[in-house]
Amino acid sequence: MPLGQPVPGWAFRVRERYPGTYGALFVPPQLPGKKDLFIEADLMSPLDRIANVSILKQHEVDKLYKVENKPIVSTSDQLCFLVRPRIKNMKYVADIVNADKAMGRSRKYKIIFSPQKFYSCELVLEEEGIYGDVTCDEWAFYLLPLDDDLLSMELPEFFRDYFLEGDQRWISTIARALQLLNSLFGPFANTYGIGRCAKMVYEVWRELVEESEGDSHARRPEISHVFLMDRDVDYVTALCSQVVYEGLVDDTFRIKCGSVDFGPDVTSSDRSFKVLLNAQDKVFSEIRNEHFSNVFGFLSQKARNLQTQYDRRRGMDIKQMKNFVSQELKGLKQEHRLLSLHIGACESIMKKKTKQDFQELLKTEHSLLEGFDIRESTSYIEEHIDRQVSPSESLRLMCLLSVTENGLIPKDYRSLKTQYLQSYGPEHLLTFHNLKRIGLLTEQAPGETLTAVESKVSKLVTDRAAGKLTDAFNSLARKSNFRGISKKLGLIPRVDGEYNLKVPRDMAYVFSGAYIPLSCKIIEQVLERKGWLGLEEVVRLLNGNEFAPTEPVMEENPAWEAQRVILAVFLGGCTFSEISALRFLGKEKGYKFIFLTTAITSSARLMDAMLEAKV
Amino acid sequence: MVLCAEPTVSLPLNPGEEGGGTLRAVGLAAGAMNRMKVDEEEYWHSSKCKAFTFDDEDDELSQLKESKRAVNSLRDIVDDDDDLEKFSWSGEPVGSISWSIKETASSSSNAPEGRDSGLQKGSSSHPALPKQASSYSISSFFKGRNKLGSFQSLSDALSDTGVKSYAPELRRPKAEYKDYTSDWSPKDTVRRMQRGKICSLERFRSLREKLMLLDEAVAVHDGNVITAILIFLKRTLKREILFQELEVRQVALRHLIHFLKETGEQKLLLDLLRFLDRTEEVALSQYREHLSIQDAEKRREFLKGCIRLPFSSEDAVHVLDHYTLLERQIIIEANDRHLEAAGQSEIFRKYPRKASILNMPLVTTLFYSCFYHYTEAEGTFSSPINLKKTFKIPDKQYVLTALAARAKLRAWHDVDALFTTKNWLGYTKKRAPIGFHRVVEILQRNSAPVQVLQEYVRLVEDVETRLNLAMKYKCHDVVIDTYRDLKDRHQLMAYRCKVERGSAEEDKIDSILSNLQIRWKN
């Protein structure tokens, strides 16, 4: 039984209703004639999802190149660059144009920014002396439908730009994406959210709505609720190992723009396959949200069924056979291929996970989430580092320890940091600095164990007073307050006996029954309570910045209420585990969730974003 | 299960490699396929979470294997590779853009510039663009684009000459022209900039107005506009004034810092950080520059200069270590390259180096030195003991690394010595700062013989773990002795069936079973 039936074609309806977003030119008529197109690597996969080479060819694109740090070999008279608005891309174009100038060569150049142009980019063009030699355009490509219920802005850099550097340049971009959805499916009836960025996006979006109020026709809203959330409200969930199938595939092979490259070890042949992973894949759509332990059973059942269906052809007469071949065979063949790929993927995952002691790893994570055996977990992490197991994995565990414990005690922080630098290289000093700034890996202020003081105080005085005291501490150290939140929201389910992963009772199944993802729990609670009422303590522990509609629009029609469509917006990325959890919740409560995220994220991607690139 | 099966040591060059790769290719990290039943049960009983096992003999894997066989057996019925590409799940391999770019890359790298069109066999267009029609009709979405909200250039915005259009294709509605001559308030100016419309900033000459602009941009949360205004402020204000004003405007300040980082205006960035008294960031920001220095000697020089930067006391030690390590590596590298080239040293002949040791992490360097320079006197720079002392490497880390290196070379004697300690009476005893089960794991992965293995299996403290390891690696003696110590006659009898008939092990079991001194518990 698949979890969470996706709304048929929800995200694809975006494309249907707003073809302009997708069709709108890579190569505008302003640059007629043959041209070479240079595409930034990060835009290749998204572009692949909506166009192909023959379309580009119709637009007289001759050759395609990747934007990379190499001298170009193009002989074309016209060069077109499709890029993200980044300074380094401007310098890349400038180098080409200036090299041409030096050689006395004249060509036409056009830069197409996706999704928009930034003033700072133009400044670089100006400073490089090529302003005017280059024409600029924008390709307002905000939303990429990755699946029936999933829209991505494909802006992974948003996470670092905003949460680490404090740069707000993408906020209006996101607001515009929201406004686009609002104009296609809106008006949004009830908008909730939490987080500083969420609040800003909400405000900017409201402005846009008011501006365009005139042209919105009074129609029935198709999206009843919107929930905006900052990634830094919940780092814990994003830092955990994923164990639902889609998440595990992402952690193991890295799903890129909705598709994955299965190498020879999966395909058991000498070639790799690029496989689209979405609701169209009949096998995948049934296992994607399942806990990994259920997947084997499902696949073998499926294999048996397939066998039976093939076997049916024995004893068919000619007519039946004809029917079989013309109607069923193709479907069976495709199913067969999919099945063998997913079986191959499972095998490969198991091999990899066994090698790295996955059990022990999960056990450590669960201890950290529940907050016991902290010493033991710390020494497990230490050993991980000493053995030079993958650098991002070690870092992730340290962050999980820090975020769940409100920072490492100074002695541990120093010792783990030293060992990390010794194992993986001293330049990670910079990584640690970044992690500290963003609050993922911090050191408890020496001399005071905040939690100890707090718990003592809260025993003595009323909750209210203790709350004020915690606020005072908050300003000293940025705390994640995970323990307190976990307790308040009951994130660690109490289960007598075994948690049945085959018939999950709550969202905790996405983490083997050990933990209900905080982000999803917040959404559940707010929807249930139609606001933040009764969650004051949680909100305080989450550092505030919550918002809700002043007068929630109550649905008069109960039938429609049952079909609530909720747009969950993740600023800074969401994980496949969170998507699975909310699909489950939707199925339980009769909601339909659709997702808008700045990008798909995972613990490894979070860690990568903290590295300092070699310049 | 050995990560790196070949006998040579390999030192991968890229420590930042993604995924689960270990830095040294010695199979330290790999876990055993057969998880110990006991371990597992212990865990899954202590936890309420349902286990899903990765056990080799587990039902689920065999189930999976079975399904795989079933599916594979169907292959000959359905196998026709040629229609593969028709399925969407194959990710449209031929027509795809990424594929085409790869083709362009390879064709252009093969063909020298200028000749490349000649190589294209009569086809006037590029061969990488197949003539096949699109399989789905996105082309229908393709229409010429209306110029909607593309905003004007900053340069236009900064010029005070009114209308000026560099880009003829950016057609503006006529009605907009009048905007440029109007006097927009800071608030309106920011609003218009938000919409990408042109506004002259040069008019805002008083500090008060400039700051109103900035505050307004911050108030509407538009980072793009904030940065644009900061660029204007940076051009028209003296540094000290700008810095002072930014100190009380944290949001704007962060934007400027990020902008300076991105454009690489290091000098101004450092001035700003100094002004703000963020000394630690000044130090780190300078230290960061070493990443772009490729030449080892130059990098060393640069790091030397970093030592006196105002790091935190903790980081100062790390940076000093970084410098010392690279200095050390340069010496070792020069020396060893020479040794290897001369062909005199047996170890280098037998195990040629795969990569340079320069810029490797300390632990990798230690591994290298345990591999090639294990017996060297403490006085030399390349000796492991010297490294351990210089960098205060903890015992645990040292033993793990030395063990991995010596096991890789199958130098069992060295392994033995690593764990042997003598007390003051001269008795020897085996001790390890890491669990002996780890030692066993590492030895096993380096294919240590049973005689070596069993010595360490015997030292595993936990009885259950010991028994499991002993059985897994066929250390019969250890199993037998453990059962004897447990006085478990039943298990011993059961085990008798598992050893070879007529073997020494069987004899041993028999003699124990017939020993009347033992008071069996069952």
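Do we find a residue being closer than 30 Å to A:THR173 by Cα and buried (at least 20 other Cβ atoms within 10 Å of the Cβ) anywhere in segment A:69-76?
no
Quick one: A:ALA99 ticks every box in (1) among the aliphatic types (A, V, I, L, M); (2) closer than 16 Å to A:ALA41 by Cβ; (3) out of contact with any helix residue (DSSP H, G or I) (no Cβ under 6 Å at 6 or more places or on another chain) bar one, so which box is it?
(2)
Output the number of residues of segment A:354-366 satisfying the condition of being at the interface with another protein chain (Cβ under 7 Å from one of its Cβ atoms), part of a helix (DSSP H, G or I) and touching a residue at least 24 places away in the same chain (Cβ under 8 Å).
Residues flagged as at the interface with another protein chain (Cβ under 7 Å from one of its Cβ atoms), part of a helix (DSSP H, G or I) and touching a residue at least 24 places away in the same chain (Cβ under 8 Å) within segment A:354-366 amount to 2.
What single numbered condition from (1) more than 30 Å from B:PRO449 (Cα to Cα); (2) in a loop (DSSP other than H, G, I, E, B); (3) more than 14 Å from chain A (Cβ to nearest Cβ) fails to hold for B:ILE330?
(2)
Go through A:VAL209, A:VAL226 for me and flag whichever is out of contact with any helix residue (DSSP H, G or I) (no Cβ under 6 Å at 6 or more places or on another chain) and either charged (D, E, K, R) or closer than 24 Å to A:PRO517 by Cβ (or both).
Of A:VAL209, A:VAL226, the one residue that is out of contact with any helix residue (DSSP H, G or I) (no Cβ under 6 Å at 6 or more places or on another chain) and either charged (D, E, K, R) or closer than 24 Å to A:PRO517 by Cβ (or both) is A:VAL226.
Report the residue count in segment B:223-256 for those that are touching a residue at least 40 places away in the same chain (Cβ under 8 Å) and aliphatic (A, V, I, L, M).
Residues in segment B:223-256 being touching a residue at least 40 places away in the same chain (Cβ under 8 Å) and aliphatic (A, V, I, L, M): 2 in total.
In this structure, does A:LYS333 turn out to be at the interface with chain B (Cβ under 8 Å from one of its Cβ atoms), under 25 Å from the mean Cα position of the chain (by Cα) and not hydrophobic (A, V, I, L, M, F, W, C)?
When the stated conditions are applied, A:LYS333 does not pass them.
Among the helices (runs of 4 or more DSSP H) lying completely within segment A:523-615, list those that include at least 3 residues that are surrounded by 15 or more Cβ atoms within 10 Å (Cβ to Cβ) and modelled with pLDDT of 95 or more.
Fully inside segment A:523-615 and qualifying: A:576-589, A:603-609.
Give segment B:209-226 a look and list any residue that's closer than 16 Å to B:GLU247 by Cα and either of a type in the set (D, E, K, R) or at the interface with chain A (Cβ under 9 Å from one of its Cβ atoms) (or both), or say none.
Answer for segment B:209-226, where residues must be closer than 16 Å to B:GLU247 by Cα and either of a type in the set (D, E, K, R) or at the interface with chain A (Cβ under 9 Å from one of its Cβ atoms) (or both): B:LYS210, B:ASP215, B:VAL218, B:ILE226.
Only one of (1) in contact with a helix residue (DSSP H, G or I) (Cβ under 9 Å, 6 or more places away or on another chain); (2) at pLDDT below 85 is not met by B:GLY502, so which one is it?
(1)
Please find, among B:LEU129, B:LEU148, the residue that is modelled with pLDDT under 70, surrounded by 19 or more Cβ atoms within 10 Å (Cβ to Cβ) and among the aliphatic types (A, V, I, L, M).
Among B:LEU129, B:LEU148, only B:LEU129 is modelled with pLDDT under 70, surrounded by 19 or more Cβ atoms within 10 Å (Cβ to Cβ) and among the aliphatic types (A, V, I, L, M).
Within segment B:355-366, can one find any residue that is assigned to a loop (DSSP other than H, G, I, E, B), away from every other protein chain (no Cβ under 14 Å) and surrounded by fewer than 21 Cβ atoms within 10 Å (Cβ to Cβ)?
yes
Kindly indicate whether any position in segment B:340-352 is part of a helix (DSSP H, G or I) and modelled with pLDDT of 95 or more.
no
Against the condition out of contact with any Leu (no Cβ under 8 Å at 6 or more places or on another chain) and either more than 11 Å from every other protein chain (Cβ to nearest Cβ) or on the phi > 0 side of the Ramachandran plot (or both), how does A:SER183 come out, does it pass?
Answer is yes for this residue.
Okay, residues lined up against (1) in a helix (DSSP H, G or I); (2) within 27 Å of A:GLU127 (Cα to Cα):
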| residue | (1), (2) |
| --- | --- |
| B:GLU245 | yes, yes |
| B:LYS267 | yes, yes |
| B:LEU272 | yes, yes |
| B:GLU281 | yes, no |
| B:LYS304 | yes, no |
| B:PHE311 | no, no |
| B:ALA316 | yes, no |
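Do you know which of the residues in segment A:464-489 that are more than 25 Å from the chain's Cα centre (by Cα) and at pLDDT 85 or above is surrounded by the fewest Cβ atoms within 10 Å (Cβ to Cβ)?
Restricting to residues being more than 25 Å from the chain's Cα centre (by Cα) and at pLDDT 85 or above, the top hit is A:LYS487.
(1) crowded, with 22+ Cβ neighbours inside 10 Å; (2) part of a helix (DSSP H, G or I); (3) within 12 Å of chain B (Cβ to nearest Cβ); (4) not aromatic (Phe, Trp, Tyr): which one isn't true of A:ILE39, the others all being true?
Here A:ILE39 clears every test but (2).
Within the group A:GLU347, A:GLU328, which residue is in contact (Cβ under 8 Å) with a residue 12 or more places away in the chain, more than 8 Å from every other protein chain (Cβ to nearest Cβ) and not β-branched (Val, Ile, Thr)?
A:GLU328
Being at the interface with chain B (Cβ under 7 Å from one of its Cβ atoms) and either part of a helix (DSSP H, G or I) or at pLDDT 90 or above (or both) is the filter here; which residues of segment A:137-169 pass it?
A:GLU165, A:GLY166, A:ASP167, A:GLN168, A:ARG169
Here is a yes/no grid of residues against (1) under 14 Å from A:VAL236 (Cα atoms); (2) within 11 Å of chain B (Cβ to nearest Cβ); (3) assigned to a helix (DSSP H, G or I); (4) touching a Lys or Arg at 6+ places or on another chain (Cβ under 6 Å):
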position: A:LEU368; (1), (2), (3), (4): yes, no, yes, no
position: A:TYR380; (1), (2), (3), (4): no, no, yes, no
position: A:VAL389; (1), (2), (3), (4): no, yes, no, no
position: A:LEU397; (1), (2), (3), (4): yes, no, yes, no
position: A:SER415; (1), (2), (3), (4): no, yes, yes, no
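Within segment A:262-283, how many residues turn out to be touching a strand residue (DSSP E or B) at 6+ places or on another chain (Cβ under 7 Å) and either of a type in the set (A, V, I, L, M) or over 20 Å from A:LEU150 (Cα atoms) (or both)?
8
Taking the condition touching a strand residue (DSSP E or B) at 6+ places or on another chain (Cβ under 9 Å), away from chain B (no Cβ under 13 Å) and within 17 Å of A:ARG169 (Cα to Cα), does A:VAL83 pass?
Spelling it out, A:VAL83 is indeed touching a strand residue (DSSP E or B) at 6+ places or on another chain (Cβ under 9 Å), away from chain B (no Cβ under 13 Å) and within 17 Å of A:ARG169 (Cα to Cα).
Quick check on segment A:57-68: of everything there that is more than 7 Å from chain B (Cβ to nearest Cβ) and not in a loop (DSSP other than H, G, I, E, B), which residue is farthest from A:MET44 (Cα to Cα)?
A:VAL61
The values are calculated or read from the model by the stated rules, or taken from the named source; none is laboratory data. Just so it is clear, the structure is predicted and the values come from calculations on it, not from any experiment. Note that we place each Cβ from the backbone using ideal geometry, even for glycine, and neighbour counts take in every protein chain shown.
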